[in-house]
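Here is the structure we will look at.
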Amino acid sequence: MNSKRNATLTVGNKKYELPVLSPSAGPDAIDIRKLYSSANLFAYDPGFTSTASCQSTITFVDGEAGNLLYRGYPVEQLAKQSSFIEVCYLLLYGNLPSAEELEEFEQSVTIHTMVHDQMTNFFRGFRRDAHPMAIITGVMGAMSAFYHDSTDIRDPMQREIASIRMIAKLPTIVAMAFKYSIGQPFVFPKNRLSYAANFMRMCFKVPCESYKVQPAISRALDRIFILHADHEQNASTSTVRLAGSSGANPFACIAAGIACLWGPAHGGANEACLKMLHEIQSPDRIPEFIKRAKDPSDDFRLMGFGHRVYKNFDPRAKILKESADEILSELGDADNPILKVARELERIAVDDEYFRERRLYPNVDFYSGIILSAIGFPTAMFTPIFALSRTVGWISQWKEMIADPALKIGRPRQMYIGETGRNYDESKNP
Ligand code: CMC
């Protein structure tokens with residue numbers, strides 16, 4: 001990217017010219033790559049609130065306008081008109097597929113849905129009550145031990161096969177983690193079903209009964225997958241990129257992303273949010289929780305509220321709010337008490353000065369848990385479903401990084417504020 005203008009940094013009586021780069025959307029960025037070598041200075045930005053860590057062509061978030069684009073397409077259009085498998089193609093390859101390309105891609109994902117049979121032994125090594133996130137982090141990492149022929153990151157064909165394998169097998173792995181945790185036998189994938197319907201069947205079918213996926217429900221789940229598919233350089237994606245920058249194999253990198261996603265400030269918020277809504281229980285208890293969220297001496301936060309980038313609204317939350325209404329009416333549960341608490345909590349919080357001042361609005365995790373719970377998933381499955389959806393985004397970002405000729409190992413610096421010049425002998429024998 002060429003720079004058309006410079007920024008001048010003045011430190012004492014010295015001036016440094018720094019190029020200003022202009023992306024296709026979003027704020028310009030000051031290129032500080034030569035700052036240390038030319039000025040012996042570091043930039044200090046914990047939490048990366050003002051730092052662009054890479055150039056990317058995949059996803060764009062406009063936090064002020066509440067826009068989210070995948071390869072230039074608004075997520076609202078994709079959620080209404082596309083399918084998750086088509087969105088996977090779009091994120092991976094940059095353009096929407098033709099009908100033939102889509103069919104070929106779907107076929108290549110479908111033929112990789114089964115996992116190596118010995119992997120079932122790996123599952124059985126976990127405690128029965130293990131959280132499915134703990135299981136899928138371990139099993140994703142273990143994939144590099146099962147699929148040696150797709151771990152050479154310098155080979156584009158191996159990168160491609162590893163990518164398809166992860167997108168195809170993660171629903172099977174997540175469903176197996178669920179089945180294991182509830183003591184039911186594993187269900188093999190059924191390749192004639194859609195991606196979402198196949199996942200539902202692997203989670204809810206039992207050998208003694210037939211199981212038919214309701215199209216409205218698999219469509220709602222597909223929409224959840226689309227809305228979670230990528231979100232530019234969030235914590236888990238940055239983790240995947242950082243792990244990948246050392247040349248680690250793709251399965252290890254995605255396992256690192258899954259581990260990061262689990263945290264309650266990130267993908268773990270959907271589980272925490274539903275737990276919170278159940279704890280609130282009824283609309284008349286909302287003021288008590290709002291009071292706690294505002295109290296600086298209480299570490300309680302409204303889960304599913306606030307976002308580092310979205311400062312007006314999260315477009316994904318808007319779509320999921322509509323989806324929650326639709327799916328609960330479809331299931332004959334339009335008066336669901338938890339949905340009532342959520343709607344009322346949103347109404348009270350967005351009107352409250354504390355939340356307005358800090359520009360805190362419902363995020364993607366606020367309504368997704370209500371839908372997943374209505375479909376029949378327990379809270380422990382919410383973050384694994386997020387991981388399943390985000391895998392394609394992580395892989396697209398990882399592939400983009402590996403193919404970049406400017407790839408360098410990620411290695412942040414620090415401001416050391418600890419002791420210096422201590423002497424072992426003097427400390428031991430004062
Ligand atoms: N409830 C109450 N207060 C909040 C909340 C909340 N959910 N979120 C932020 N604040 C307050 C915070 O206390 C701070 O107040 P003050 O200026 O008085 O100290 C101010 O708002 C700014 O917060 P911050 O922590 O500096 O903001 P951040 O950009 O670092 O954090 C966040 C963003 C998403 C981690 C945070 O809003 C949060 O913890 N939300 C709840 C967890 C959640 O829903 N996470 C899902 C995020 S979206 C999906 C994903 O990323 O996976």
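Computed from the coordinates by the stated procedures, all read-outs in this text should not be read as laboratory data. What you see is a predicted model; the values in this text were computed from it and never measured. As a convention, Cβ positions derive from the backbone with ideal geometry for all residues, glycine included, and neighbour counts pool all protein chains shown.
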Exercise. Peptides 365-374, 206-215: what's the order by average Cβ count within 10 Å, highest mean first?
Worked result: 365-374, 206-215
Problem set entry | Whole-number Å³ per residue for the convex hull built on Cα positions in region 155-246 | 135
Exercise. Label HIS148 and LEU9 with points 7 Å out from Cα along Cα→Cβ: what is the distance between them in nm?
Worked result: 4.8
Problem set entry | Radius, Kirkwood style, for region 54-118 when every pair of distinct Cα atoms is counted (Å) | 13.4
Seminar exercise, completed: Quick calc, ALA43 & PHE188: beta-carbon distance into FRET formula, R0 56 Å, rounding 0.05, result 0.60
Problem set entry | Burial ordering of PHE289, PHE382, fewest other beta-carbon atoms within 10 Å first | PHE289, PHE382
Exercise. Hey, fewest Cβ within 10 Å first, where do THR59, THR8, THR391 land in order?
Worked result: THR8, THR59, THR391
For this session: Take peptides 220-227, 403-410 and line them up by average Cβ neighbours within 10 Å, highest first, as a rough protection proxy.
Result: 220-227, 403-410
Problem set entry | Radius 13 Å from Cβ of TYR195, net charge of other residues (Lys, Arg +1; Asp, Glu -1) | +3
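Given LYS190/LYS321; LYS190/LYS212; LYS4/LYS34, which pairs have Cα atoms separated by over 23 Å?
LYS190/LYS321
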Exercise. Summing -39500 (n - 2.57) over the DSSP H runs of n ≥ 4 in the chain and dividing by its residue number, what mean residue ellipticity at 222 nm do you reach, to the nearest 500 deg cm²/dmol?
Worked result: -16000 deg cm²/dmol
Exercise. What is the Cα radius of gyration of region 103-190 over 2.2 N^0.38 Å, N being its residue count?
Worked result: 1.12
Problem set entry | Likely footprinting exposure, MET276, MET166, MET415, fewest C-beta neighbours within 10 Å first | MET415, MET276, MET166
Exercise. In whole percent, what relative contact order does the chain give with Cα contacts below 8 Å and a gap of six or more residues?
Worked result: 19
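Check every DSSP H run in the chain and write down those whose alpha carbon atoms cover 27 angstrom or more along the long axis and whose mean Kyte-Doolittle hydropathy is -0.5 or greater.
Span-like helices here: 156-182, 382-402.
Highest mean first, how do 138-149, 332-343 rank when packing is the count of other Cβ atoms within 10 Å averaged over residues?
138-149, 332-343
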Seminar exercise, completed: Over all pairs of different Cα atoms in the chain, the reciprocal of the mean inverse distance gives a Kirkwood radius in Å of 23.5
Exercise. Taking region 163-217, how much of its Cα-Cα pair set, in percent, is spaced more than 12 angstrom apart?
Worked result: 63
Exercise. Counting alpha carbon pairs within less than 8 Å and at least 6 residues apart, what relative contact order, in whole percent, applies to region 302-361?
Worked result: 57
